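For reference, the structure discussed in these notes is given below.
A short reminder: the numbers here are calculations on the coordinates, not readings from a lab. Please read all numbers here as calculations on a predicted model, not as lab measurements. Using ideal geometry, Cβ is built from the backbone for each residue, glycine included, and neighbour counts are taken over all protein chains shown.
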Amino acid sequence: MDIDIQARPAASVAKITLGANETLTCEVGGMVAMDPGITVETTTRKKGGSGGLLKGLKRMLGGENLFINHFTASEAGQSLYVGPQLLGDVVHHTLTGGTMVVQGSSWLASADDIEIDATFQGLGKALFSGEGIFWVKCTGTGDLLLNSFGAIYPVDVDGEYIVDTGHIVAFEDSLQFRIGKASKSLIGSFLGGEGLVCKFSGQGRLYCQSHNPPNLGTMLGPKLKPR
Amino acid sequence: MDDFDDTFSGGVFHADIADGRAGASIDCGVSALSAVTTTGARFELRYDACTVRIGGASGRMVFCRSLDQSLTIFCEQKGFAAALQQAAGGLLDEGLAQSKSELRGANARSRNLMFGLCLGCVVLLVAGYFALMAAGRAALAAAPPSIDEKIGELAIEQMDLKGSVVEDPAIVAPLEALVARLAATDPDDPFSYTLTVVDADITNAFALPGGQIAIYTGLLELADSPEQIAGVLGHEIAHVTERHGMHGIARSLGLVVAIQFLVGDAGGLVAVAAEFGRFAAENAYSRDQEADSDRLGVERLHAAGIDPRGLAGFFELLERETASDVDIPSWMSTHPDHAARIAAITTQAQRFSNQTYTPAIPTADWDALKAALSPTVTTPSPPEETSDGRDNR
């Protein structure tokens, strides 16, 4: 599988060139264009995997779709383009047997060996992290494509790192995060406009996004005409 | 090296690995941990040259790190911590215990913060609700009486009165004269009163904001004396002067705003909730408002030279009628404390020093009114008679 991310970072799309009989699993609606020789199969589980409907429903809680699409090349060199829903970047991460915890809707596509599941990160994080209640958990070995709103930047955390709520794209499961105050005083935290932040600790890769979807909604909402 | 226990699945952080991290199978040896990555690279970490910490996204991942921090072997598989502890022969016990304690402390702090934030949100929402209600009341207090009049006129035009408006001067004229007599007792009253007599066999009367008062022929039919009618009208005038209807509207509007504040712009839910709130708020005045209207009505009747015990007399009449007639639901259903109201009115009336009263309506006019009533009474459409218009007495 050869991955080429183009038009970065504002309107990225990923061109994926598959080997013969190689499969890319992609979120519903993620495919932009493809070679006619590629076949598409829609299921609620990993290709050839187990879990079925329940896993699909869990994934829905994580902000993804009940169904996932599997694109399989009939011969080597066939390619397809996948792109995110919001204007933003796409990043390629290679999983080497670990787990990547991805905020709902940031999972774009992955190799068919990677298991896509949902995980609950606790009520506090659900309420105050600025992300969804459930997160998508990608486990296994292979290529993983994540998308963001705005640009993605990776951070290799070793120790502690702080990200504002709503700016997390994904993090390795070797990292732990807690919700905390941006400054020592809670009132100061809110007056400073930062309020609550996500405090990461441990060692591992973290992907952040430059923009924050809820902020866009807050800004646009009042300007929209009522339906 | 002899393996001490089973092989665990985990990972390794090391600069020699592409991207710095790789999955690995881990063995707890006699003197060191060994890890073989998915690419075949082998790493070893001596127990006496490493620190241990628990963390990760799940809070259960065990990290063993070399003292120079160049190598980390980690695993969250069940049983790994116990196997590691056993294999290290006590070397890592202190580190594991300390890490567990730190983790518990951090979890507790996080829990407390979350609890505090949740509590803060609830307090803010409740305070916001009451602040909006208070703002509604303040806005009402600042509104000029002309607003009441506009609302009252609009409301009575749009209401289904359940009967035609009586024009017969034999009925309307003495009642209008009575209202004028009652109104004249307070020269500072900013409201002017308009009486509408509705031809329907309903024992009801109501007041709308701004001075719109409606009385049903059913009530006039039932009354034994003009003082009873005067009592009802005095009570209704007090609802107007005290702006009870406006309070109800402010409460409903406050409720709509409060619900929007609480649930955000949740269209349908707000509409349903607001409708429910409005229905509940508009269908009855509160007991305090009723008691106030009784008290002020009695004062006004006395000031107009009308025997205020007529109001108590009307309550007694209704009480008697209710016992034999299930079709008089309104006064009783919403005011189960009528006995207390009769007692309060009687006590208040007895306190007045000068109790020289003249008939509320001259006898000849009253007789003519009663005579004119008989042929006009028709049967109303019964099903919704108390659930729609303002059933307030």
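Would you mind pulling out the separation of the Cα centroids of the stretch B:29-96 and the stretch B:346-369, in Å? Cα centres, the stretch B:29-96 to the stretch B:346-369: 98 Å. For the stretch B:32-146, rounded, prolate or oblate, judged on the Cα gyration tensor with a ≥ b ≥ c (square roots of eigenvalues), a/c < 1.5 rounded, else prolate if a/b > b/c? Taking the square roots of the gyration eigenvalues as a ≥ b ≥ c, the stretch B:32-146 is prolate. Around B:PHE191, with a cut-off of 10 angstrom between Cβ atoms, what is the net charge of the other residues, counting Lys and Arg +1 and Asp and Glu -1? Value of the local net charge: -3. Applied to the stretch B:92-106, the Karplus parametrisation 6.51 cos²θ - 1.76 cosθ + 1.60 on θ = phi - 60° returns per-residue 3J(HN,Hα) values of 9, 4, 5, x, 5, 5, 5, 5, 5, 5, 4, 4, 5, x, 5 Hz, with x for Gly and Pro.
Residues with beta-carbon under 12 Å from that of B:ARG109, excluding B:ARG109: net charge, scoring Lys, Arg +1 and Asp, Glu -1?
On the way: positive: A:ARG178, A:LYS181, A:LYS199, B:ARG104, B:ARG111; negative: B:GLU102.
Net local charge, B:ARG109 excluded: +4.
Determine the distance separating the Cα centre of the stretch A:66-118 from the Cα centre of the stretch B:124-176; give it in Å without decimals. Cα centres, the stretch A:66-118 to the stretch B:124-176: 62 Å. Peptide packing: for B:349-362, B:60-73, the average count of neighbouring Cβ atoms within 10 Å per residue gives the ranking B:60-73, B:349-362, highest mean first.
For A:HIS92 and B:ALA141, what is the calculated FRET efficiency with R₀ set at 51 Å and r taken between the beta-carbons, to the nearest 0.05?
Details: r = 65 Å, r/R0 = 1.27.
Approximately 0.20, to the nearest 0.05.
Applied to the stretch B:341-354, the Karplus parametrisation 6.51 cos²θ - 1.76 cosθ + 1.60 on θ = phi - 60° returns per-residue 3J(HN,Hα) values of 5, 4, 5, 5, 5, 4, 4, 5, 5, 5, 6, 5, 6, 8 Hz, with x for Gly and Pro.
What full-extension length gain, to one decimal in nm, is calculated for A:LEU224 and A:VAL40 as 0.36 nm per residue of separation minus the Cα-Cα distance? Could you put the intermediate results ahead of the total?
On the way: separation 184, 0.36 × 184 = 66.24 nm, distance 3.72 nm.
That works out to 62.5 nm of additional length.
At an R0 of 35 angstrom, the distance between the Cβ atoms of B:ARG104 and A:SER210 translates into a FRET efficiency of 0.45.
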